[in-house]
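Since the structure comes first, as structure tokens, the remarks are kept for the end.
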Amino acid sequence: MDIPNLNYIKELSGGDKQFEKKVLTILIEEFPMELDRFVDNYKKMDYKKSAEDVHKLKHKISILGLVNGYHVAVAFENELKLESNSLYGSFMEVMDQIKLFLKKVNPS
Amino acid sequence: MKCLIIDDDATARLIVRQLCEGFDSITIVEEFSNAIDAMKFLNADSSVDAIFLDIHMPSFSGFDFIQTLKSPPKIILTTSDRNFALDAFEYDCVVDYLVKPITKERFDKAIGKLKNFKMPNQQDTSKANADSESTDELYVNVDRRLVKISFSDINIIEAKGDYIKIKTNDKSHIVHSTLKKIEDKLPNETFLKVHRSYIINLSKIIDIEDNSVLIKQDIIPVSRSNRSELMKRLNLL
């Protein structure tokens, strides 16, 4: 299993700490909201909206360097579009990883 | 080049903006989280040269957006979906298709394409201009005289505050102008801006070392963001 990391963000920043701080601040702010939205829609069994939520979360997964997690999200999004949900557990494991990581990370 | 960013994801907009920082020639004039607001902006300001456009946005996709524009500017699509690539290139205005997360290397390549990309109507215009105008030289105003300079004689053009210094093999001309203005007059295939203060004639390079090029006796700095474009333009063995 891959581990969330800031390699991509640091590579883009080229040492620009302001940029790193801004990206992390947005991630910390938006990720829980987007995840909550997904969970709500999933509970309502609105798979179309859930797939859109996963699509949006997918970018954050990739920013945090989770290559396998990203593949899980891509497969899960496609699955949801077909009204199927076998990858829900795997996807939520990735979400839990990110949740934990963002709790520990300090944007400043 | 005046550009817009349209993406419903704030992180994605921030990343594209950061990637653009490396290019002096790109100015992000505005960013939008939805296509509707961008359309309103474009209706009021038609001077936008290019748009970084997300495909997958709620209610109004990037493709919907392109279709609503009468004369769309150049578009670089940004998306987390690889599946739309074929659809994307059905539009004449689409320059490139970037899959998120966008790497710096891939972005630099897209900007290189953007600079050289000619819209179908621009191709017609440039051909018409080529028919009616000579493209081998330009006239510059030096001490109230219009001096003809052949492109092939130019080695380097250097920005000097409100002036530019055009260096040929045997002369230097100081002209009241900007690098941007002269860059637009020069043939793309021969000249390249390698640094915020320098445009060089690629055919005059003697050698290249790390972050500089040697032209005649001048060592010209090459900025990190322009290095990959320079390397692409060379006939490397």
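Residues of the stretch A:20-34 that bury at least 50 Å² of accessible area when the other protein chains are present, relative to the chain alone (probe 1.4 Å, heavy atoms, ligands and nucleic acids excluded): A:Ile26. Indicate the gyration tensor shape class of the stretch B:1-124 (rounded, prolate or oblate), computed on the Cα atoms with a ≥ b ≥ c the square roots of the eigenvalues: a/c under 1.5 is rounded; otherwise a/b larger than b/c is prolate and the rest oblate. Because its axes are fairly even, with a/c under 1.5, the stretch B:1-124 counts as rounded. The label-point distance for A:Lys21 and B:Asp170, in a model that sets each label 7 Å from Cα toward Cβ, rounds to 5.8 nm. A Förster radius of 51 Å combined with the Cβ-Cβ distance from B:Asp153 to B:Asp45 puts the calculated FRET efficiency at roughly 0.85. Rolling a 1.4 Å probe over the heavy atoms of the protein chains gives the stretch B:154-237 an accessible area of 59 Å² per residue. Mind listing the long-range amide H neighbours of B:His195? Cut-off is under 5 Å, sequence gap 5 or more, other chains count too, H placed in the peptide plane at 1.01 Å from N. Here the answer is B:Ser223, since their amide H atoms fall under 5 Å of that of B:His195.
Taking square-rooted eigenvalues a ≥ b ≥ c of the alpha carbon gyration tensor, is the stretch A:1-56 rounded, prolate or oblate, where a/c under 1.5 means rounded and, failing that, a/b exceeding b/c means prolate? Before the final figure, lay out the partial values.
Details: a/c = 3.37, a/b = 2.41, b/c = 1.39.
Cα axes put the stretch A:1-56 in the prolate bin.
Taking the protein heavy atoms of chain B in the context of the full set of protein chains, the accessible area attributed to carbon and sulfur is 47 percent at 1.4 Å. To the nearest ten degrees, helix A:88-104 and the longest principal axis of the Cα atoms of chain A are 20 degrees apart. Shown for the stretch B:5-31: residues covered by the partner protein chains by 50 Å² or more of accessible area relative to the chain by itself (probe radius 1.4 Å), namely B:Asp9, B:Thr11, B:Leu14, B:Ile15, B:Gln18. Annotation: the antiparallel percentage among DSSP beta bridges lying fully within the protein assembly as shown is about 60. Positive contributions from Lys and Arg (+1) and negative ones from Asp and Glu (-1), summed over other residues with Cβ under 15 Å from the Cβ of B:Thr178, come out at +2. Can you compute log10 of I(q)/I(0) for chain B with the Debye formula, treating each Cα as one identical point scatterer, at q = 0.08, 0.10, 0.12, 0.16 Å⁻¹? Scattering profile of chain B, log10 relative to I(0): -0.36, -0.55, -0.77, -1.17. Taking θ as phi - 60° and the Karplus parameters 6.51, -1.76 and 1.60, the scalar couplings of the stretch A:47-52 work out to 5, 5, 5, 4, 4, 5 Hz in sequence order, x denoting glycine and proline. In chain B, helices alone account for a calculated mean residue ellipticity at 222 nm of -9000 deg cm²/dmol, with every DSSP H run of four or more residues adding -39,500 (n - 2.57).
Placing one equal scatterer on every Cα of the protein assembly as shown and applying the Debye formula, the log10 ratio I(q)/I(0) at q = 0.06, 0.08, 0.14 Å⁻¹ is -0.28, -0.49, -1.17. For the residues B:Ser46, B:Ser25, B:Ser61, a GNM of chain B with alpha-carbon springs under 10 Å puts the largest fluctuation on B:Ser46.
Please average, across the residues of A:10-17, the number of beta carbons from any other chain that are within 10 Å of each residue's own beta carbon, and give a whole number.
Details: counts 0, 4, 10, 1, 5, 0, 2, 0.
Per residue, the average neighbour count from other chains is 3.
Estimate for me the total accessible surface buried between chains A and B (protein heavy atoms, probe 1.4 Å, no ligands or nucleic acids), in Å² to the nearest 100. Summing both sides, the interface buries roughly 1800 Å².
Within the P(r) computed for chain A, what percentage of the Cα pairs occupies the region above 18 Å?
In whole percent, the long-distance tail amounts to 46.
Give the calculated FRET efficiency between A:Asn85 and B:Arg224 to the nearest 0.05, with a Förster radius of 51 Å applied to their Cβ-Cβ distance.
Using R0 = 51 Å, I get an efficiency of 0.65.
Once every Cα of the stretch B:183-237 carries one equal point scatterer and solvent is ignored, give the base-10 log of I(q)/I(0) from the Debye formula at q = 0.16, 0.21, 0.22, 0.31 Å⁻¹, two decimals. Debye output, listed in q order: -0.42, -0.74, -0.82, -1.58. Among the protein heavy atoms of chain A, carbon and sulfur supply 55% of the accessible surface, probe 1.4 Å, non-protein parts ignored.
For chain A, the 222 nm mean residue ellipticity estimated from helices alone, with every DSSP H stretch of n ≥ 4 adding -39500 (n - 2.57) and the total spread over all residues, rounds to -25500 deg cm²/dmol.
Pull up the DSSP beta bridges for chain B and report the antiparallel fraction as a percent, rounded to 5.
Working: 31 of 50 bridges.
DSSP beta bridges in chain B are roughly 60 percent antiparallel.
Rounded to whole numbers, the Karplus 3J(HN,Hα) couplings from phi for the stretch B:179-186 are 4, 4, 5, 6, 4, 5, 8, 8 Hz, using 6.51 cos²θ - 1.76 cosθ + 1.60 with θ = phi - 60°, and x at Gly and Pro.
Residues in the stretch A:1-100 average 50 Å² of solvent-accessible surface per residue, probe 1.4 Å, ligands and nucleic acids excluded.
The values are calculated or read from the model by the stated rules, or taken from the named source; none is laboratory data. Since we're looking at a predicted model, the values are computed, not measured. Heads up, the Cβs are rebuilt from the backbone with ideal geometry, glycines too, and the neighbour counts pull from every protein chain shown. These area figures cover heavy atoms from the full protein model, side chains too; ligands, DNA and RNA do not enter into them. Shrake-Rupley method; radii C 1.70, N 1.55, O 1.52, S 1.80 Å.
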